[in-house]
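Encoded as structure tokens, the structure appears first; notes follow it.
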Amino acid sequence: MASRRCRQCGYCTPGILITAKALLDREPHPTRERIREALSGNLCRCTGYLQIVEAVEAAAALTPDAGGRVHPR
Ligand code: FES
């Protein structure tokens, strides 16, 4: 999240990270819609949610697919 510049005060960051980790544990390659749905209970007053969703997508891209390939963003 830091490299994607999606945190400012950091108040929401722990909840978003835990939620994203739980999602990626269940679904290593979620769709953007699934990421938005999973994070919908986390409120951020500082940033837009696009960068947060993109950070989760970037983390998912580092998880090897079924063929063992990684597709970094
Ligand atoms: S970064 Fe401040 S509430 Fe999310």
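What follows is calculated from the coordinates using simple rules that are stated; it is not laboratory data. Because the structure is a prediction, the values reported are computed rather than measured. Neighbour counts run over all protein chains shown; Cβ positions are idealised from the backbone, glycine included.
Points to keep in mind about this one:
- Local electrostatic count at Ala20 - Lys and Arg +1, Asp and Glu -1, tallied over other residues with Cβ under 14 Å: +2
- Net charge dipole size for the chain [Lys, Arg +1 and Asp, Glu -1 on Cβ; Debye, nearest 20]: 240 debye
- Qualifying trypsin sites (Lys or Arg not before Pro) for segment 1-63 [loop in DSSP, other Cβ within 10 Å: at most 15]: Arg5, Arg45
- Once you divide the Cα radius of gyration of the chain by 2.2 N^0.38 Å, the number left is 1.07.
- Per-residue ellipticity at 222 nm from helix content only, as computed over the chain with -39500 (n - 2.57) for each DSSP H run of at least four residues, stands at -14000 deg cm²/dmol.
- Cysteines (scope the chain) whose Cβ has no counterpart Cys Cβ under 4.7 Å: Cys6, Cys9, Cys46
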